[in-house]
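Below is one structure, written out as structure tokens; the observations come after it.
The values are calculated or read from the model by the stated rules, or taken from the named source; none is laboratory data. Just so it is clear, the structure is predicted and the values come from calculations on it, not from any experiment. Neighbour counts run over all protein chains shown; Cβ positions are idealised from the backbone, glycine included.
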Amino acid sequence: MIEVPLIHLRSRADNANVMPEALLVKLVGHIGRTGRYPHLIVRPMPGETGAYEILDGHHRAEALRRLGREAACCEVWNVDDDEALVLLATLNRLQGRDEVRRRAGLLETLRQRYGEQRLPQWLPEDAARLDRLRQVRLEPPSPAPAIGASDLPAAVTFFLTPAQKRRLEDVLRAHAGTRSQQLIACLQLNGEQAPPCDSNPRSRT
């Protein structure tokens, strides 16, 4: 490991890995707070004595510049142009993925130790994402009791003459809701104190 002055570090124009500004700000805060970061991986810059080309660590170099640092801790790899291209395409992309429940457990430990206010400033996740991960650790609600076959709604079919159908419709208009709700209310099948079915609704004044 060597320390390389930032003015001697060169970024590659073909580096495809771009960090959103919000995450870069968090990276700056982390390095500024702890002073620690993974070493940059560099190689001697072809054709420029004393300079180094960054293979991995472009964002760390930018964070150090924003902090006003003068040098970066680097690991030097002596590779040719072809291998440098392969490393540029892989070093920034080869990474594991968090198992959600383990990540949630880790974040809960951090929350208990440092409180909720600091975590969105330190971690890649924003406050909304942290809250969703916290929900992962909560026990799911108990399922509702299963409905027995005897408790399932049953269809009732009956037949009316046209005159009886018109009479029934007149009676049901005294009740609100769907046709099923009107019938239930009219017949007081749910125990509510509803207006009784009028056998002769046209007689009302």
inquiry  = Just to be sure before I move on: is L160 in a loop (DSSP other than H, G, I, E, B) and surrounded by 10 or more Cβ atoms within 10 Å (Cβ to Cβ) in the structure I sent?
reply    = yes
inquiry  = Looking at R43, R60, R101, R69, can you tell me which residue is of a type in the set (K, R) and in contact with an Asp or Glu (Cβ under 9 Å, 6 or more places away or on another chain)?
reply    = R43
Among (1) without any contact (Cβ under 8 Å) to a residue 12 or more places away in the chain; (2) within 30 Å of the chain's Cα centre (by Cα), the one test that T49 misses = (2)
Candidates Q193, Q164, Q135 - the one that is modelled with pLDDT of 85 or more, out of contact with any Lys or Arg (no Cβ under 9 Å at 6 or more places or on another chain) and polar (S, T, N, Q) = Q164
task = Look through region 97-148, keep the residues that are out of contact with any Pro (no Cβ under 7 Å at 6 or more places or on another chain) and of a type in the set (G, A, S), and return whichever of them is nearest to V25 (Cα to Cα).
result = A128
Long-range neighbours under 9 Å by Cβ, at least six apart or interchain, first residue more than 15 Å from E62 (Cβ to Cβ) within region 1-21, second polar (S, T, N, Q) and surrounded by 10 or more Cβ atoms within 10 Å (Cβ to Cβ) = A16/N92
request  = Answer yes if at least one residue in region 55-75 is under 22 Å from R118 (Cβ atoms), in contact (Cβ under 8 Å) with a residue 60 or more places away in the chain and basic (K, R), and no otherwise.
outcome  = no
message = Step by step: first the residues of region 117-138, then only those that are over 15 Å from the mean Cα position of the chain (by Cα) and without any contact (Cβ under 8 Å) to a residue 12 or more places away in the chain, then the one that is nearest to M19 (Cα to Cα). Which residue is that?
response = R118
key: Residues of region 163-185 classified as surrounded by fewer than 10 Cβ atoms within 10 Å (Cβ to Cβ) and part of a helix (DSSP H, G or I), total   = 1
request  = Residue by residue through region 49-106, note down the ones that are modelled with pLDDT under 85, of a type in the set (A, V, I, L, M) and either exposed (fewer than 11 other Cβ atoms within 10 Å of the Cβ) or within 21 Å of P20 (Cα to Cα) (or both).
outcome  = L88, A89, L91, L94
